[in-house]
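Read the structure below first, then the notes.
The values are calculated or read from the model by the stated rules, or taken from the named source; none is laboratory data. Nothing here was measured: the structure is a model prediction, and the numbers come from that model. With ideal geometry, Cβ positions are generated from the backbone for all residues, glycine too; neighbour counts draw on all protein chains shown.
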Amino acid sequence: MSRTYRRKNERHEYRWVLCERTFESGYVQRFMLDRHSPEGRRAINRFHSDAQVTMSSGPPRWFRRVFKRHQSNVNTRQYLRWLANPSYEPVMSVRHRHSAKWAWW
């Protein structure tokens, strides 16, 4: 499903996207960007790009790799315990393609 089709009738609140914060003289200064200015258009474009981190985005590659390695090591340990003691009942962690995403958020 294309991204355009998914977002066809979606309405966005740009107030938090256009809010710019700076730290000056010990205080956080907030000001709103004009949505038609180059900086405002840049902020809105970044919001709509895939570079924006949201809850619907996936976990980073490094986290998926660490998660997969950990899960593989746990399963290997269970298998080796079963080989050493056949009466041991192994509990294998079944890998699902969304497991890392569920663990990330």
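What to note about this one:
- Against the numbered list (1) modelled with pLDDT under 85; (2) in the same structural domain as residue 100 (by TED's automatic domain parsing), residue 7 comes up short only at (2).
- Among the residues of the range 84-101, those that are in a helix (DSSP H, G or I) and either exposed (fewer than 10 other Cβ atoms within 10 Å of the Cβ) or charged (D, E, K, R) (or both) comprise 84, 101.
- Residue ID - modelled with the lowest pLDDT, chosen from residues in the range 19-51 that are of a type in the set (A, V, I, L, M, F, W, C) and exposed (fewer than 12 other Cβ atoms within 10 Å of the Cβ): 51
- The set of residues in the range 66-105 being touching a Pro at 6+ places or on another chain (Cβ under 6 Å) and charged (D, E, K, R) consists of 101 alone.
- Selection status of residue 84, assigned by TED's automatic domain parsing to the domain that holds residue 95, at pLDDT 85 or above and not charged (D, E, K, R): yes
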